[in-house]
Amino acid sequence: MRESAIAMGMTGRQLFWEVELPLATRTILAGLRIATVTTIGTATIAAAIGGGGLGVFIFRGLASVDTTLLLAGAVPAALIAMAADRGLEWIEDKLSPV
């Protein structure tokens, strides 16, 4: 596609904005999705250093062997991660040309 665009006489700027960036959109957004879900998952570990959040419930549940308390932190964190993933997947579908 790149060679075809060059053969049609596109400038470097046109080539980037009209060919390369639209083709790379899906890959860029997939990386953003992965980074977002990973960040949400690792944010729960912040409780280990006093950062608070849902990780507090997870660590307290692990320490006291309380499954209910552990799930009180793990389930909402998983739901937030899944909602973020679905939302970014929807954006990816709307923005990608293919």
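The values are calculated or read from the model by the stated rules, or taken from the named source; none is laboratory data. Values in this document were obtained by computation on a predicted structure and should not be read as measured data. Methodologically, a virtual Cβ is constructed for each residue, glycine included, from the backbone with ideal geometry; neighbour enumeration extends over all protein chains shown. Protein only, heavy atoms only, side chains kept; ligands, DNA and RNA dropped before computing areas. Shrake-Rupley method; radii C 1.70, N 1.55, O 1.52, S 1.80 Å.
Quick notes on this structure:
- Within the range 32-55, tally of residues that are touching a residue at least 24 places away in the same chain (Cβ under 8 Å) and within 12 Å of the chain's Cα centre (by Cα): 6
- Summed over the range 72-98, residues that are buried (at least 16 other Cβ atoms within 10 Å of the Cβ), touching a Lys or Arg at 6+ places or on another chain (Cβ under 7 Å) and without any contact (Cβ under 8 Å) to a residue 60 or more places away in the chain total 1.
- Residues satisfying the stated conditions in the range 1-27, i.e. part of a helix (DSSP H, G or I), open to solvent by 100 Å² or more (accessible area, probe 1.4 Å) and not aromatic (Phe, Trp, Tyr): Arg2, Glu3, Arg13, Glu18, Thr27
- The set of residues in the range 30-61 being open to solvent by less than 40 Å² (accessible area, probe 1.4 Å) and not in a helix (DSSP H, G or I) consists of Gly52 alone.
- The one condition from (1) over 30 Å from Glu92 (Cβ atoms); (2) open to solvent by 80 Å² or more (accessible area, probe 1.4 Å) that Leu69 does not meet is (2).
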